[in-house]
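Structure first, then comments.
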Amino acid sequence: IIVADVVGAGILGMPRAVAQLGWLMGGVVMAAMLVANVHISLLMWKVRVGCLECEGAQSFLDMARGSFSNAPAWQRRTVVVLTGASQYTFIFGMLGIFLLTAGKGLGMMFYELRLCLPHWSAVAAIIVLPIVGTAREMGAYQSLVWINVITLCGTVLIPLVYYLAVGTDDFDLTDARWYAIAPVTATGILSALSTFTFGMTSQFMLTEVMSEMKDVRELPKAYVKISAPFQLIAFMVAGLGGYYFMGSLSAGMLNENLPFGAPLQAAAACLLVHMLISYLIKGVVFSTAVIRRAAPNFANPDDPRKRSLAAWNGAVISTLVAAWLLANLVPFFGDLVDLLGASCTPLSCWVIPILMFMRCTYDHRNAEGRLKVHCLEWLLIALEMALAMVLMVLGTYSSVQNIVGHWHEYGAPFSCHCEGIWDTCACSAGHVGMDWCEALAANATR
């Protein structure tokens, strides 16, 4: 579950992030961000097993309440509110991205059908509904976790293998450049860091994952020896591989740069399955929070009553409808990833876990078996906190400015958005392999 949860939609934007920095700087920064992410996850684990008040915590909110249980009331209230708001805003934003991307996957699979993106997103929601409606725990369908990892690999590797086998002659790479260290701008650095942060973080759901583990003490081994190496390989292959072929022109999702045909359809099928399973994992957590708030008497996942199942499906359907509305209000993948990565991710996945660790360390400073922290680790924590604050303030400002500046290019909410999902000149004249549209337009003007 850890691997399937961490490596998600963000990996598809890695070539775009590397293009902002160059292959050498991009690779180094990517590895450094992964190290920071793993470190903060281990801080959360230390709080979970080392803070008596956090034993048995089932959710991120439980961790916030437990770690600040001995703090002044105003601190406890502030952290609990920030934790809940940031976690569920982040998850809800990701659910919208998953439905949006799954809709694009369907559109690319069936590009000869003239259905608009909002309709494809609705079809994706209908497909995932029966699975989410019967899965009240993240581990309910163990086989789907492995399918998620396999389809993720397919989504990344199919485009790269195609570029390697067929070449990139169909691409207009005249203006492309390849840099070890690219000419960087403040906006480019913030965009790359936001994408890396969004793609690698898991802390906002790590407590829920730990609650389903048979032995939570095994988390460091699972994270450091299995999840982190897989993440590093996957992100490096996607980011550096995409940059190797597309250079500074890397944009959008990795699989969008394939011509219409069987390879695009195969990559789109993998993307669709990966996004729907990712929705399932996050959707279970969000829907559980909804039902605990709206109908706590029916929140037990082992409750066999029909009314409990009906209440669960009510939460699931409400979440699906709301996520579909969000997906079609802001139907732009890259900039939405940047916005979430800069606004919610640093707060939910870096700042709050660090505050939990600091509070737990302070409250148990005189206890036997207290958490021991080396001065160098405190320095690393200070650097992580500083980076998180920079991303939250400057990164969010930069992302919003970028969205406002390009708003006229996105089209109105709920408009067709057929770019890249219809093989017509009206929609996809700039798509790879659609060069004949220029000749057709030239003939039409004669």
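Observations on the structure shown:
- The listed residues Ile181, Ile147, Ile381, once ranked by accessible area (1.4 Å probe) with the largest placed first, stand as Ile181, Ile147, Ile381.
- Here the relative contact order of the chain, from alpha carbon pairs under 8 Å that lie six or more residues apart, stands at 33 percent.
- Ranked order, Leu336, Leu157 - accessible area, probe 1.4 Å, largest first: Leu157, Leu336
- For Ser318, solvent-accessible area (1.4 Å; no DNA, RNA or ligand), Å²: 70 Å²
- Under the criterion of Cα pairs below 8 Å and six or more residues apart, the relative contact order for the range 162-281 equals 40 percent.
- Largest first, the residues Tyr163, Tyr179 sort by 1.4 Å accessible area into Tyr179, Tyr163.
- Total lysine pairs in the chain at Cα distances under 30 Å, for residues eight or more apart or on different chains: 15.
- Whole-percent carbon and sulfur share, accessible surface of the chain, 1.4 Å: 66 percent
- The amide H of Ala57, built 1.01 Å from its N in the peptide plane, has no neighbour under 5 Å, considering only residues 5 or more places off or on other chains.
- Kyte-Doolittle at least -1.0, axis length at least 24 Å by Cα - qualifying DSSP helices, the chain: 23-50, 73-109, 117-134, 142-166, 228-246, 262-294, 306-329
- Per residue, the solvent-accessible area of the chain (1.4 Å probe, heavy atoms of protein chains only, all protein chains present) comes to 43 Å².
- Heavy-atom accessible area for Val321, with the other protein chains in place and a 1.4 Å probe, reaches approximately 80 Å².
- In the complete set of protein chains, residue-level accessible area for Arg77 is approximately 150 Å², probe 1.4 angstrom.
- Loop sites here are GluC sites (Glu not before Pro) outside DSSP states H, G, I, E and B with no more than 10 other Cβ atoms within 10 Å. The longest part of the chain free of them is 113-367.
The values are calculated or read from the model by the stated rules, or taken from the named source; none is laboratory data. Bear in mind the structure is a predicted one, so any value in this text is a computation, not a measurement. Methodologically, a virtual Cβ is constructed for each residue, glycine included, from the backbone with ideal geometry; neighbour enumeration extends over all protein chains shown. Surface areas here come from the heavy atoms of the whole protein model, side chains and all, with no ligands, DNA or RNA. Shrake-Rupley method; radii C 1.70, N 1.55, O 1.52, S 1.80 Å.
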